Amino acid sequence: MPKAADTIGRVEQPEATAALEHWHESKPRFTVLVYNMLGVWAQAEDVVAAVGEQVFKLEPGQAASVQNWPAFLTTLTTRRSIDVLRSAQHQRTDYVGSWLPEPIDQQMLPEEAAINDSMLRLGILLLLEELSPQARAAYVLHHALGYSAADIAPVLESSPAAVRQMLSRAAKKLEQARTAQHDVSSVSSVLTEIVQAIHRADTEGVIKLLAHDAVLYSDGGGKVRAARNPVVGAQRIARFMIGIERKNPGRQISTGRVNGEPALRFAIEGREDVLVIDVVSGSVQQILQVSNPDKLGLVGANWDALAT
């Protein structure tokens, strides 16, 4: 398949210039936007590249008729994302264990993307999986880009009233994640306390940091050992995490940031785990542990050793 840059000649000047300028200007924002829709960075890049091909293959008359390039590109990108998401959701039903979004290095999020960073947290991305593809698109456009229901309606070929209903229902499902603490220092402090309590094999110390109905999701993808089902309840989670520490006493533990939020990285004998938490009302409500090696290629190298 020819690259987008090779097909730009199909849209003649001045339309070619407009298409090229708007496309390059929008690529960072759309890549992050589609990642917000799909939870997998490589899939986001593929969608954005495919939309680029579509744009640059427009006939001159079609390109000349585009009056609002940002809106046009947003529509193409969103609709293609919905198609990919429908297929991905079907495939994820066969996934081994819990499916979690792919964590990415904070530095991969370009400043020019102009996306609401809180929408990229792994807890948000996981809850977005519970929405229909159209509802997810509506929610992402509204909360990540600030689009109104009236703006979103033509993108989804729907009505503003229907979009408002989608947003209302989605907001109820995502209420917990939206209320989670975003303060980096507070969340980092809780992560450190968890590690120290686990290292001491202090079951009660871990339990005190967790909500009684906390949930831990572990994603090994069938590639490494991980809990296939969610671990529910503070006591079970504490025993689970302390048990892992006992079996892996030499693990190197470091702190960093993925998706704009504090994270822990555990490494031993070629195995790597990245862990993030959602803190609600001072207690850990949710723990996400990504262990599938296929999902850890973009967490970066900016990690600081944590003394235990």
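If we scan the range 245-254, do we find a residue that is charged (D, E, K, R) and in contact (Cβ under 8 Å) with a residue 24 or more places away in the chain?
Taking the range 245-254 and keeping what is charged (D, E, K, R), we get 245-247, 251.
Retained after the next criterion (residues that are in contact (Cβ under 8 Å) with a residue 24 or more places away in the chain): 245-246.
Yes, the range 245-254 has at least one match.
The lone criterion from (1) modelled with pLDDT under 95; (2) surrounded by 21 or more Cβ atoms within 10 Å (Cβ to Cβ); (3) within 17 Å of the chain's Cα centre (by Cα); (4) of a type outside the set (D, E, K, R) left unmet by residue 81 is number (1).
In the range 35-55, what residues are in contact with a Pro (Cβ under 9 Å, 6 or more places away or on another chain) and either over 23 Å from residue 83 (Cα atoms) or in a helix (DSSP H, G or I) (or both)? Let's see the steps before the verdict.
Initially, the range 35-55 is screened for residues in contact with a Pro (Cβ under 9 Å, 6 or more places away or on another chain), giving 35, 37-40, 53.
Scanning the range 35-55 gives 35, 37, 38, 53.
Against the condition farther than 22 Å from residue 197 by Cβ, among the aliphatic types (A, V, I, L, M), part of a loop (DSSP other than H, G, I, E, B) and not assigned by TED's automatic domain parsing to the domain that holds residue 44, how does residue 226 come out, does it pass? Spelling it out, it is not the case that residue 226 is farther than 22 Å from residue 197 by Cβ, among the aliphatic types (A, V, I, L, M), part of a loop (DSSP other than H, G, I, E, B) and not assigned by TED's automatic domain parsing to the domain that holds residue 44. Taken over the range 182-195, residues that are in a helix (DSSP H, G or I) and either without any contact (Cβ under 8 Å) to a residue 40 or more places away in the chain or touching a Leu at 6+ places or on another chain (Cβ under 9 Å) (or both) amount to 8.
Scanning the range 30-66 for residues that are under 21 Å from residue 128 (Cβ atoms) and either assigned by TED's automatic domain parsing to the domain that holds residue 137 or touching a Leu at 6+ places or on another chain (Cβ under 8 Å) (or both) yields 30, 32, 33, 35, 36, 37, 38, 39, 41, 44, 47, 51.
The values are calculated or read from the model by the stated rules, or taken from the named source; none is laboratory data. Remember, predicted model here, so these are calculated numbers, not experimental data. With ideal geometry, Cβ positions are generated from the backbone for all residues, glycine too; neighbour counts draw on all protein chains shown.
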